[in-house]
Amino acid sequence: MPSSGTPREVLAGLGDLTRKVRAAQRGTWFPLLLLGVLTLGGILVGRFTFKIEAVACPAGEAAVGGCTLVTQGSALYWPLGLALAYAATAFFYIRRSRNRGVGSRVRPYVLTGIVLVALASATALWSLRHGVAQLGEPLDFWGLHLDPASGLTRFLERLAGNAMAVGLPLLVLARVERSRALLLLAVVYLAVELVPLSTGWAGIPFTSPWSALPTFGVPGVLLLLGALGFGLAELSGRRNAS
């Protein structure tokens, strides 16, 4: 329909309409909520799969009372949980777009998440297939024999975990939704995942069944706080629009 306003008024109205469409397309709180709950669930998984055993110390590193090997976690929890989370996010956005009559641009986020989850799962499967590195032996990381005690190895292990499967897709979602707040949250999340968090500051020894609490508790709470913030912002926007 021809517009009776000036070109400046038409452009201003178009810009306002674009912002309303983008706001209607957003549902950032939902994937953050799923990822936050999934991350906190990792604490319980670590608690119930915790195992500690005495092992022989490597040559030249004899310790009083021997050496201790601590293992915890499930090989299926994260791949299956993240795949379900991304599938639920896709369903949520598609249904939301149909109910509101606007398109959804969540596909890049979901596809990126699924691809990176598959890559992280393949990395974990590679490690399991080639056996857990014994004390003092190099770690086989996609054919690279790395020193388990080196900073580079620990960084690659953290990068191949939730930093890649959760943090990088959040960057894609921030780009898709053009949200600076989500971009900031994703950067903070990546920093938390890539910077090693020891259990010492929380007063929890590594031999405790709850030693996974600091590792998953901090990023999990961060994601839930982000979900709460975006949810309240969306609720406030609806009230203002009405």
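The values are calculated or read from the model by the stated rules, or taken from the named source; none is laboratory data. It should be emphasised that the depicted structure is a prediction, and the values quoted were computed from it without experimental measurement. Here the Cβ is made from the backbone with ideal geometry for all residues, glycine too, and neighbour counts use every protein chain on show.
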- Looking at this structure, is Leu184 buried (at least 17 other Cβ atoms within 10 Å of the Cβ) and at pLDDT 90 or above? no
Taking first residues from the stretch 189-212 that are more than 19 Å from Gly161 (Cα to Cα) and surrounded by 11 or more Cβ atoms within 10 Å (Cβ to Cβ) and second residues anywhere that are at pLDDT below 85 and aromatic (Phe, Trp, Tyr), the pairs with Cβ under 6 Å that are 6 or more apart or on different chains are Ile204/Trp210; Pro209/Phe50
With the first residue restricted to the stretch 69-95 and required to be on the phi > 0 side of the Ramachandran plot, and the second required to be surrounded by 14 or more Cβ atoms within 10 Å (Cβ to Cβ), Cβ contacts under 7 Å at 6 or more apart or on different chains are Gly73/Val45; Gly73/Gly46; Gly73/Thr49
Inside the stretch 96-105, the number of residues satisfying the requirement of being among the charged types (D, E, K, R) and either in a loop (DSSP other than H, G, I, E, B) or modelled with pLDDT of 85 or more (or both) is 1
ask   = Does Gly161 fit the bill of being surrounded by fewer than 16 Cβ atoms within 10 Å (Cβ to Cβ) and either at pLDDT below 75 or small (Gly, Ala, Ser) (or both)?
value = no
Does at least one position in the stretch 117-137 carry a residue that is touching a helix residue (DSSP H, G or I) at 6+ places or on another chain (Cβ under 6 Å), at pLDDT 75 or above and either under 18 Å from Gly36 (Cβ atoms) or among the aliphatic types (A, V, I, L, M) (or both)? yes
